[in-house]
Every structure is written in C-alpha cells, then in structure tokens.
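Everything below concerns the one structure shown next.
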4 protein chains.
Amino acid sequence: MAVVEVTVVPIGSEGPSLSEYVSKALEELEDTDLKYELTSSGTILQGDLDEVLAVAKRMHESVFDQEISRVVTYLQIDDRRDKSLTIRGKKESVEKKMKDST
Amino acid sequence: MAVVEVTVVPIGSEGPSLSEYVSKALEELEDTDLKYELTSSGTILQGDLDEVLAVAKRMHESVFDQEISRVVTYLQIDDRRDKSLTIRGKKESVEKKMKDST
Amino acid sequence: MAVVEVTVVPIGSEGPSLSEYVSKALEELEDTDLKYELTSSGTILQGDLDEVLAVAKRMHESVFDQEISRVVTYLQIDDRRDKSLTIRGKKESVEKKMKDST
Amino acid sequence: MAVVEVTVVPIGSEGPSLSEYVSKALEELEDTDLKYELTSSGTILQGDLDEVLAVAKRMHESVFDQEISRVVTYLQIDDRRDKSLTIRGKKESVEKKMKDST
C-alpha cells in the first residue's frame, strides 16, 4: 500500500488564491473509497498504488478549465512492500518515537 | 508569512523505517516558536521565511549521523505577501469552498 | 503534451550511492519512444501524460528488489494544453528570454 | 557539497507562460560563482549548502513583483558528506552504470 501526497498548482489563475482549485480536485475523491488527509500543503492519499495514481491523475485534470490551460502537479509517492503503509500508521510511528525519546 | 513543507529522507539507512529520522528532525522544532503540523508526508512549518528556512536546514542536518552520510530533503515553499498564509488558514479556506459547493 | 520529472529514491540501500538504482530505472525507457533528459536531479520525460505516467510507474517499480522494500518517488508534472510542452522548447524559451534581457 | 534543484512557480501570472519568471530568477546567479545546470524542470545549483540556499532564496524573491504576490518554490536538496557531490559527477556516475550494464 502506498501513501501519496498530491499538490495541484494552476498556472495563470486570476489572483493568488488556490483554494478553489484544491477544492475542485478534492471532489474527485468523493466517488472513491480511498482514505485521505487534507493538509495545508496538499492532499495525502492512501491505497493501492495504481488506484491512487489514477485518482491523482483525475485531480490534476480537474484543475483545467476555460481559464486554466497549464497545471503543475507534484506527487510524492511513498511505497512500502514489507508492510502496509497508512496515513495513520506513518504519523503514529513518528509520534511514538518522539514520546520514547523524551 | 510562509508555509513550508519539509521532508527529510536519509540514504543508506538500515532497513526501510524512516520514523526514527523524522522524529530526530522534529526535535529541532522544540526550541523555536514556529507553528507546525506533522503529516504523514512531512512536517509543515509556518512563519517568517528566513526563520523557517533556518529551521529546515537544521532538520536536514540532524539526519546525518555515523551511519548516514547522504540526505535528500524536499522543501515546498508557499509564500504569499498580500495576506498572511497560515497552516490553519490554508486548510480552512479549502474546507469552506468544499462546503459552499455542496 | 506533458513534461514530467521523475526522481526515484530507494530507502535502506547499502551505502550512500544511488546511481545503480537510477540506471536500473532508466532501462525502463529503452522500449519506449519517449524523449527524455537525464539531469543530475532526476529524469525528465516528455510525452502524452498517460504514457509518461505509466513509464514513471515502471521506473518506480524497478527500484524494488531483494534488498529494497521501500521506494520514495517524486513526480513533477508540467502539463500545458494550449500548446505542446517539450523538453527542448521549455529550455529554449528561457534561454531566449535571458538573451533578450541582456 | 550539495546539489539542489530549484523550481519557482508564480501564482496568478497573466497567461500560462513561465519562462519570463524563470529567466528573472536565473539573473540571481550572475553574481555568484555557483555552477548550475538549466533543465526543463528547474535550475540545479551546486555548491556549499548555505551558499546554495541563500541563492535559492533570492531566486524565489525575484519572482515577486507588482503582479505576483504569491510564489510556490520547490527545492530538492541532495547533500552528501562522505564525498563531494557535483552536477557533473552525479550524471557521469549514472551514465557509467548504464554503459557497464549493456
């Protein structure tokens, strides 16, 4: 299972706000069963890598419209095969290590 | 004010776990007043850009040790000057847009 | 047409060298017609977005082996629909602007 | 020595072209001794990490102007301490591995 951060950036939008585009991209998640976490830097998806990449592609596509003809999208794929990576497990693992070191 | 995601990746660590290194990097935040958010893809810092970059540099340095002689670090800097970006504001702005479109 | 930078990072490799893994990932390009540019930060692919993403996925998969059970891969997708982006065109456009401003 | 890829992205520019902003950012390199490589995905800088980060910060700042009040900048820092990383060395190392495997 993979944990993938998706950040979509429209080029040539009117004004500096991006939330409208991020919110449109998030609508692509409504029809899926993927677990996700909205952060202030992007959207983190968890699931089978092929499924996650297909959804990330749709999020990217959703940003194009009559005004936007160029989109830059960043994907950070974290894929582990010896055990299942999850959004929750990754965070808990760090939090546990921090507590242990106190 | 800037919102900056920092992801540190040690190269040549023993085994596939990364949480030990992330937790060590997070210790660099203890002596600062920076607001931050731990996500499953990295650590998001909020503050004056110079201050945030200095802390990100220290997080990167903290990963080097006797075993690790190479570190790859990703920074995603989101810097807005017409109004103050915050971790909380960025998320709330997206969540509001999603609610409005329902 | 899209221009996509792919950076593969194995976790838990023996020692700090990465070139062996990058070279293995590049073998996935041999059977394709995709134009690409090898840089010191990654591999830049040019082509139809679906085709490029499929190849990027295979590059990511190629890094897993008996030793490596976790791979972090970064994709920077630059996708423009009003005209065709190419590796060469993007660089020439910047170089022309620099010359004009001298 | 570190090898750092810098990608600057203006938000809210007029139209989909980015080359004007990239070319302006590259002017920041003129007064430095840093080795760099212009690629179709960004600019790769080589040098002492502190010096490179200071220049990357100036490249980021250069994108702000009367029209642009928000800039997203990506840094990929590759920092190796057991031997000196260079733009040329990183590429040659991969090319050598590819040749050997043929």
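Can you give the relative contact order of chain A as a percent, counting alpha carbon pairs under 8 Å and 6+ residues apart?
Values: 144 pairs, mean separation 45.6, N = 102.
Averaging sequence separation for qualifying contacts and normalising by length gives 45 percent for chain A.
Extending each Cα 7 Å along its Cβ direction at A:Glu61 and B:Arg81, get the distance between those two points in nm, one decimal.
Going by the 7 Å Cα→Cβ label model, 3.8 nm.
Would you tell me the mean number of C-beta atoms belonging to other protein chains that fall within 10 Å of each C-beta in C:23-29, as a whole number?
Across C:23-29, the average partner-chain Cβ count within 10 Å equals 3.
D:Asp48 to B:Glu51: FRET efficiency via 1/(1 + (r/R0)^6), r the Cβ-Cβ distance, R0 25 Å, to the nearest 0.05?
Values: r = 21 Å, r/R0 = 0.84.
Approximately 0.75, to the nearest 0.05.
Just check the protein assembly as shown against the gyration tensor rule for me: Cα atoms, a ≥ b ≥ c as the square roots of the eigenvalues, rounded for a/c under 1.5, and otherwise prolate or oblate depending on whether a/b exceeds b/c.
Values: a/c = 1.17, a/b = 1.06, b/c = 1.11.
It comes out rounded by the Cα gyration axes.
Considering the rotation that carries chain D onto chain A, locate the chain D residue whose Cβ comes closest to its axis and report the distance in whole Å.
Taking Cβ atoms only, the nearest residue and its distance are D:Val9, 3.
Taking amide H atoms as placed 1.01 Å from N in the peptide plane, list the residues 5 or more away in sequence, or in a different chain, whose amide H sits under 5 Å from that of A:Val63.
Hits under the 5 Å cutoff: none.
Which residues' amide hydrogens lie under 5 Å from the amide hydrogen of C:Ser13, considering only partners 5 or more residues apart or on another chain, with H built in the peptide plane?
The list, which skips near neighbours in sequence, is B:Gly12, B:Ser13.
What is the list of residues in segment D:48-80 whose amide nitrogen lies under 12 Å from a point 7 angstrom out from the Cα of D:Glu14, following Cα to Cβ?
D:66-68, by backbone N distance to the label point.
Every other copy gets compared here: list the nm distances from the C:Thr102 label point (7 Å along Cα to Cβ) to its counterparts, shortest first, one decimal.
So the distances to the same position in the other copies read 3.4, 5.8, 5.9 nm.
Binning at 5 angstrom from zero up to the longest distance, how are the C-alpha pair distances of chain A distributed in percent?
Result returned by the calculation: 2, 12, 22, 21, 15, 12, 7, 5, 2, 1, 0.
Give me the dipole magnitude in Debye, nearest 20, for chain B about the Cα centre, with unit charges on the beta carbon: positive for Lys and Arg, negative for Asp and Glu.
Working: 14 positive and 21 negative charges, 131 e Å.
Charge dipole, chain B, about its Cα centre: 640 debye, nearest 20.
With +1 assigned to the C-beta of every Lys and Arg and -1 to the C-beta of every Asp and Glu, and no other charges, what is the dipole magnitude of the protein assembly as shown about the Cα centre in debye, to the nearest 20? Don't skip to the answer; put the middle values down first.
Numbers: 56 positive and 84 negative charges, 0 e Å.
Around 0 debye, computed over the protein assembly as shown.
Could you tell me the calculated FRET efficiency between D:Thr32 and C:Asp33, based on Cβ-Cβ distance and R0 = 22 angstrom, to the nearest 0.05?
0.05
Angle between the Cα long axis of helix C:49-62 and the longest principal axis of chain C, 0 to 90 degrees, nearest 10?
So the helix axis and the longest Cα principal axis differ by about 30 degrees.
Students often get this wrong, so check it: of A:Lys90/B:Lys99; B:Lys96/C:Lys57; C:Lys57/C:Lys83; A:Lys91/C:Lys24; C:Lys97/D:Lys35; A:Lys96/C:Lys24, which have C-alpha atoms separated by over 24 Å?
With Cα atoms farther than 24 Å apart: A:Lys90/B:Lys99; B:Lys96/C:Lys57; C:Lys57/C:Lys83; A:Lys91/C:Lys24; A:Lys96/C:Lys24.
Computed from the coordinates by the stated procedures, all read-outs in this text should not be read as laboratory data. Quantities reported herein were computed from a predicted structural model and do not represent experimental measurements. Positions of Cβ are backbone-derived with ideal geometry, glycine not excepted, and every protein chain shown enters the neighbour counts.
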